[in-house]
Amino acid sequence: MRDAAGTDHEARPFGRRLQAVCGDRVSCEADAAHGEVHATGVLPRQSVLERANTRGGAEAVVANIDLLVTVLAPEPRPDPFIIDRYLCAASSAGLAALVVVNKCELPEAAALSPQLAVWRDAGYGTLACSSATGEGLEALAAALRGHDAVFVGQSGVGKSSLIARLVPQADIAVGGLDRDAEGRHTTTASKLYDLPGGGHLLDSPGVRDFAPAIAALERRSLGFPEVGELSAGCRFIDCRHLREPDCAVRTAAETGAFDARRYESYRRLRRLYEDLQAAAGPGKRDRR
Ligand SMILES: Nc1nc2c(ncn2[C@@H]2O[C@H](COP(=O)(O)OP(=O)(O)OP(=O)(O)O)[C@@H](O)[C@H]2O)c(=O)[nH]1
Ligand SMILES: [Mg+2]
Ligand SMILES: [Zn+2]
């Protein structure tokens, strides 16, 4: 916990129901007798990134950010579907999003360019950089300046390595690649760093998968900007863009106007959305 003067303290959550996440602003009380600080309450959030739990409910991941940065690299092998789901969660939560390819000095990075172009065409910011060589780091620093940003992505893509370069005074652990096979992650808890030019960066532990909280997802497009735009041409206002007749989204995917892999990603998220909706129970269906 950091106080108004910028000093960090160890703070214990006071009471079992306090659900603070990284980025939260909390009210605190000093317990002078035990030399401890207790976090007693979570202040209202400006924004929150939420993931789905298995019961179809929502779990906060980070709070009070305005920019989501999904980091990928040629190694470990990227899963574009996870990245899509993060991007959907970001647009549904009103956050700007940036897709960053790290380790761009590796020859295999060139193969990621077509996929990066698809995200760029969808309206997301994209960047290639290398924490090893320093290439692209100035552009990344410029894109982050003044923002409260979080780095997300698979374990081993180099989130912490990038933060170590962007925040020179950060005391941050960076790991090897082999740990992934054993399921150990180098970063185990989210942490907030001050950016030199203003703003903040949150490092987060690597993920194997990510499912956005369904209640937070934009219901018609699920947060896919292309689907949001194309759906104006669908015959039915409540088109799910699967097998419905005269669906402009499916037609665009068939003709190549909408990237086929992004459409597949949409279909997978739609199925997950409906499964989670069912898990949440009939009373919670289509609340919005
Ligand atoms: N070749 C190359 N390796 C890099 C680069 N950036 C990071 N690495 C390596 O990638 C490995 C993982 O780096 P981390 O920064 O710990 O990755 P992370 O995304 O923070 O991983 P988690 O904390 O487990 O989520 C380390 O061995 C780094 O040295 C880069 O630009 N090029
Ligand atoms: Mg890390
Ligand atoms: Zn449709």
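The values are calculated or read from the model by the stated rules, or taken from the named source; none is laboratory data. Not measured: the values here are computed from a predicted model. All Cβ positions, glycine included, derive from the backbone under ideal geometry; neighbour counts span all protein chains shown.
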- LEU202 vs (1) away from ligand 2 (no atom under 16 Å from the Cβ); (2) touching a residue at least 40 places away in the same chain (Cβ under 8 Å); (3) surrounded by 21 or more Cβ atoms within 10 Å (Cβ to Cβ): all pass except (1)
- Among the residues of segment 82-102, is there at least one that is of a type in the set (Asp, Glu) and without any contact (Cβ under 8 Å) to a residue 40 or more places away in the chain? no
- Task: Kindly indicate whether ASP259 is touching a residue at least 12 places away in the same chain (Cβ under 8 Å) and more than 30 Å from ASP148 (Cα to Cα).
- Result: yes
- Select, from ALA173, ALA164, the only residue that is modelled with pLDDT under 95, part of a loop (DSSP other than H, G, I, E, B) and more than 22 Å from ALA96 (Cα to Cα). ALA173
- Query: Out of all the residues in segment 103-125, which are buried (at least 18 other Cβ atoms within 10 Å of the Cβ) and under 16 Å from the mean Cα position of the chain (by Cα)?
  - Reply: TRP119, TYR124
- Task: Could you check, for segment 63-73, whether at least one of its residues is assigned by TED's automatic domain parsing to the domain that holds PHE151 and at positive phi?
- Result: yes
- Item | LEU201 closer than 18 Å to THR70 by Cα and either hydrophobic (A, V, I, L, M, F, W, C) or modelled with pLDDT of 95 or more (or both) | yes
- Which of the residues spanning segment 42-62 are surrounded by 14 or more Cβ atoms within 10 Å (Cβ to Cβ) and over 20 Å from the mean Cα position of the chain (by Cα)? VAL42
- Task: Would you mind finding the one in GLU254, GLU264, GLU226 that is at pLDDT 95 or above, surrounded by fewer than 20 Cβ atoms within 10 Å (Cβ to Cβ), more than 16 Å from ligand 2 (Cβ to nearest atom) and within 30 Å of PRO76 (Cα to Cα)?
- Result: GLU264
- Note on the structure: When segment 63-85 is checked residue by residue, the ones that are buried (at least 24 other Cβ atoms within 10 Å of the Cβ), within 22 Å of GLN46 (Cβ to Cβ) and over 9 Å from the mean Cα position of the chain (by Cα) are ILE65
- Task: Would you please list the contacts, defined by Cβ atoms under 6 Å and residues six or more apart or on different chains, that run from a residue in segment 15-27 that is among the charged types (D, E, K, R) to a residue that is surrounded by fewer than 15 Cβ atoms within 10 Å (Cβ to Cβ) and not in a strand (DSSP E or B)?
- Result: ARG25/LEU43
- Test each condition in (1) under 30 Å from LEU230 (Cα atoms); (2) touching a Ser or Thr at 6+ places or on another chain (Cβ under 6 Å); (3) within 16 Å of ligand 2 (Cβ to nearest atom) for SER160 and report the one that comes out false. (1)
- Task: Tally the residues that are of a type in the set (S, T, N, Q) and either touching a strand residue (DSSP E or B) at 6+ places or on another chain (Cβ under 7 Å) or not in a loop (DSSP other than H, G, I, E, B) (or both), restricting the search to segment 185-227.
- Result: 3
